[in-house]
Structures are given as structure tokens and as C-alpha cells.
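Since the structure comes first, as C-alpha cells, the remarks are kept for the end.
The values are calculated or read from the model by the stated rules, or taken from the named source; none is laboratory data. All values derive from a computational prediction rather than experimental measurement. When we count neighbours, we look across all protein chains shown, and the Cβ atoms used for this are built from the backbone with ideal geometry, even at glycine.
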Amino acid sequence: MDKVLLITGGIYHDFEAGRDALTAILAETGRFEVTAVDDPGALKPDTLAGFDAVLLYINQTVNAEQTKALADFVAGGKALVGVHSAICRRESPDAYLDLIGAEFTGHGPPLEFAVTIDDPDHDVTCRTPDFRIHDELYTSEFHGEPVQVLASAHWQGRRQPMVYVKPHGAGRVVGLLLGHDAQAMANRDFRRLLVHALDWAVGRDETREIGVGLIGYGPAFKMGKQHGSAANATRGLRTVAACDINPACLETARADFPGIATYDTLEKMLEDDDVNLCVIILPHHLHGPVALQCLKAGRHVALEKPFCLTVDEATAMIEAARAGNLALTVYHNRRFDGDFLTIRRAIEAGLIGEVFQVHVSMCAFREPGTWWRSSKAISGGLLYDWGAHLIDWLLHFLPGKVEGVTGFLHKRRWWHVTNEDHGLAVMRFEGGRTGLLEMSSMAADNPFRWRILGTKGAIVSRDAKDIRLTTEIDGQSGAMQLNVHDGEHVRWYYNLAEHLLRGAPLEVTPEQARRVIAILEATERSSETGAAEPVAFEDDFALKNP
């Protein structure tokens, strides 16, 4: 564990809140032990000798003696990371600015702005997409040795550095000019950049690579190629193998990824030591047993949705992953769809008040195809495909315990397949809040995709690009069309790599994935019993996720 001396304090910033935020971010990694002080007087040789890195979040003077001690510390092979106001002079000598690499020249009011990643291959900025942040956009001028700019933002006709790195003797320096306040520090991309900056500055270079094996390279939606390409586009992941019982699919995999190893049985692929992560892209009924086989062979596992078909399968997978200290997750990539992100942002901003009812639907009047997704024994039923995504969405907007689920599954028209024709799940949340999931192949009219009601307004959308918000401000109500957020689908694989390589929390935990399956299973039971049914593990989940 690396020891970090965090020095905060000065003017124009809430340094106490900043100190707490920075400490919490680093503590969460388990790799840094932080000692926080509010006086640059700690910058003296005997004190610095006990640390591996100095993290500065200050707006006060660092005198010549303190500067020399810090410069010698870094030159001797140690780390320095300056956050935001650390580049303010405050009568500090030129030598301090030469060491930190830049000098503050000004800023506008706090605002939301875009940050561009200029070097996505560097350890500090890898797996961070271009992003937006509400912060103070600093302008600055470089000082001392040349720096390498890794990320920047636009300010009045010029690109301003937001992240840069430079050597100093045998040590490393990072300037992270974001982070004006606790709100900015809560931004997930700021948090990742801070951790990466400390990791890189202390010499924890990332050299490990995770080999990805694709299980199931069938033609449906070309999901094998999608997953393989997404993995290859993520630093630290590399698609090395594919497994399928169909020789034509393996031939396609070799054409898509020249040099890839191919296997016609899972047993053969699991003998390949280059495969560290198994991505399962099979018919739904195979998810549970194949995942267990991979986990018991010591492989990390990511599954296409749904997670599996039963709570018992999900629990067995979770227990096997815990026993092997292995990653287990599901591809709920739709959390990064533009319409979901847009709606989530509006709700979190309080634009419709407290949400008390969410209705999400995907309905059509269309004869089902005669393929495995229309077979209940293989797919799990009408609700188990897209319905898994829709429930995952809904749960983000209605926090708290699900007290019961009432389900209605209809078989009235399409008798050539075994899936239901129409399904409705009504979820009662604590406090009387309600969630409704509706899917159908015999709904001749579908007036909306989302209908979300809050105490101050509502959000209604007919499709992914048409989102209308009605709200109330000071007694006046009005409606507006929302600009739909760009999708951020790269983040799912970025997060998985961060988890495997740096121990970051998973975006989609297996417990979250099991909760979706538990709600689907309760819907099935309720449709048979005609009564509201409890959700398995819901008490335990609600206790851990208040």
C-alpha cells in the first residue's frame, strides 16, 4: 500500500470537503493510505521520507524551502499530483511552478463543460472517454520542463490543459486541473483520473492484459463480433479465442479476428491459459450452466442478458464467483443508452420531483419469429429478453425495496410459438410507489415507451429520440422536448477492465443481475397463483442498498 501525504488548505475553495472527498476516493481503492494535513509546512525532508506520493489540493504559498524539499522528494523517484488550485502561485517561487508544471492565469464561473481525452493510450487517461463535468475551467501557462497534455477543454478559442504529466528527475508529476469542489470530485471520470494519476505517478504501470474468450459466435445480431470488437477497443482487454459448435461460425470468427484461437467445445477452450475472461453469448437456458463451468475452471465471466433463467442458477453462480474470487457480471449495456441517460439526468436534477410511478413498455403487433427466442423453454419467455433491460432501467428510477410483484402473462394469439403473447409485471415498491413493465407481440397500439410520473411533473417518450418533460416551477407548469444525451456504450467494457485490472467496483454487480431475475421469476409465479408474490433476496438486497 502506497502512503500518500495529502496537503489541503487556502482560500476560495471548500478544502475541508475536498479533503474528505479525495481521501474517500483513494481509500476505496485499497491501494493508498492517506495522511491529510492543512499546512505546507509538512513539506520537509524528514516528514516526506515516510511517503511515496504527495497530493496537493491547496491555494496558499509554498515557500522556497518547502519547494526544494518537495522537488528533491520527486527527483528521488517519488510522486507528485497537483489537483486544481495547486497551480495557483500565491507568492510561491518560480521553482514551485516549474515543479508543478503550470501556473493558473484565470477562470470563468463554474459551469458544465466538455473534457476531451487527447491521449487515450496513456495509463492516466486510458479507459476514460470524453466526458462532461460541472467545474471551474482553469486557464494556465506551462512552466519548467515540457509537459505531455493528456486531456483538455476549450476556452475562448484555445485548448486548455486539464490533465498533463511530466518527469522530474527519477520521479513523476501529474497535473489534474479539475476538481474545484466536492460536486466536481463526485464526477466518476474525475475519480478515475485521480486514481489513475496516483497509480501512474507512484510507478504502478499497467502491463497486464486480460484475454477474452467468446462463447457462442452465432449469427444472431452478430453479437460475437460486437463483444470481440468492444473488448479489443478497450485497453487491457484482448479477444484471443472463440468457441462454437458450428464450424461456419468459427470460420466467421477467424475472419473477423485474424489469429484468434477457435474451439468447438467449451472444455477445449477452458484448457487455453490465455483465456482469462469468458463472455457468454448463448441461448438463455445455457447461461447458468455454462457460466458455472467457466467459474469452476477459474475464469472471470460476463454474460449477455438475461443473467440466467432462475434465482437458483443466479445464486449458484454468485457463490461460485465468490469462492474463486472471480468477476461475474451481465451485459446491461442499455444503462448507457442515450434516452436512459437523458431521463436519468432529468430525474436526478429534480425536474419532476419525487418519482412515484414508472411505466416502461416495448410493445408491437407482430407475429413472432420461429427461432429460439420464441421458445419459452430456451428463452425463458416473452419477458426474459428485452424485459431484463427494461426492469434494470426501471429499478434505477424507483429505489428501495420491492414489496411484491403481480404478473399477468397471456397466451391468446400466436399458438405456433411457446412464448407468451403479452406480459405485464406490476411491482409495488415501499411507500406505495409503482413500477410497471409491459411487453407484447399483440398490442395493436403502443402510445409510449416511457411514462414516468413525479410529484412535480412527468416524462413521457414514444421512442428513444422523442422525450417530453412536463414540470412545475413556482406554480407555473410547462412542457419541453429534451435533447437526447449521446449514448456512452464504451463505458461497460471500460468498467469491466477497470474492475479486473485495478479493482474498481463493477458497474453491474451479480446481485443486481440476480434481482432482475428474481422479479421476472416472481412475475411468473404471480401469473400462475393470481396473487402478489415476494421477490427472492429482496430483504437482503434492500438492506445492503438503502
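Based on this model, can you work out whether residue 176 counts as buried (at least 20 other Cβ atoms within 10 Å of the Cβ) and in contact with a His (Cβ under 6 Å, 6 or more places away or on another chain)?
no
Per-residue answers, yes or no, for (1) more than 30 Å from residue 283 (Cα to Cα); (2) touching a residue at least 40 places away in the same chain (Cβ under 8 Å):
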site: 387; (1), (2): no, yes
site: 392; (1), (2): no, yes
site: 397; (1), (2): no, yes
site: 413; (1), (2): no, no
site: 432; (1), (2): yes, yes
site: 438; (1), (2): no, yes
site: 442; (1), (2): no, yes
site: 459; (1), (2): yes, yes
site: 466; (1), (2): yes, no
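Residues being under 28 Å from the mean Cα position of the chain (by Cα) and among the small types (Gly, Ala, Ser): count how many of those fall in segment 392-434.
Selection size over segment 392-434: 2.
Just to be sure I understand, how many residues within segment 108-144 are touching a Ser or Thr at 6+ places or on another chain (Cβ under 8 Å), over 25 Å from residue 70 (Cα atoms) and crowded, with 18+ Cβ neighbours inside 10 Å?
Count: 4.
Enumerate the pairs (first residue in segment 139-156 and aromatic (Phe, Trp, Tyr); second residue anywhere and part of a loop (DSSP other than H, G, I, E, B) and surrounded by fewer than 17 Cβ atoms within 10 Å (Cβ to Cβ)) with beta-carbon separation below 9 Å, excluding pairs fewer than 6 apart on the same chain, so at least 6 apart or on different chains.
Matching pairs, first to second residue: 155/108.
So residue 77 fits all but one of (1) part of a loop (DSSP other than H, G, I, E, B); (2) closer than 20 Å to residue 185 by Cα; what number is the exception?
Single failed check for residue 77: (2).
So that you can scan it fast, the table gives a plain yes or no per residue for (1) crowded, with 20+ Cβ neighbours inside 10 Å; (2) among the β-branched types (Val, Ile, Thr); (3) in a strand (DSSP E or B):
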residue: 258; (1), (2), (3): no, no, no
residue: 272; (1), (2), (3): no, no, no
residue: 275; (1), (2), (3): yes, yes, no
residue: 295; (1), (2), (3): yes, no, no
residue: 298; (1), (2), (3): no, no, no
residue: 308; (1), (2), (3): yes, no, no
residue: 312; (1), (2), (3): no, no, no
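Determine, yes or no, whether residue 231 is outside the structural domain of residue 127 (by TED's automatic domain parsing) and buried (at least 18 other Cβ atoms within 10 Å of the Cβ).
Against the criterion (outside the structural domain of residue 127 (by TED's automatic domain parsing) and buried (at least 18 other Cβ atoms within 10 Å of the Cβ)), residue 231 qualifies.
Quickly run through segment 174-223 and pick out the residues that are in contact with an Asp or Glu (Cβ under 7 Å, 6 or more places away or on another chain), at pLDDT 95 or above, assigned to a helix (DSSP H, G or I) and aliphatic (A, V, I, L, M).
184
Against the conditions (1) acidic (Asp, Glu); (2) assigned to a strand (DSSP E or B); (3) touching a Gly at 6+ places or on another chain (Cβ under 8 Å), where does residue 141 fall short? Just the number, please.
(3)
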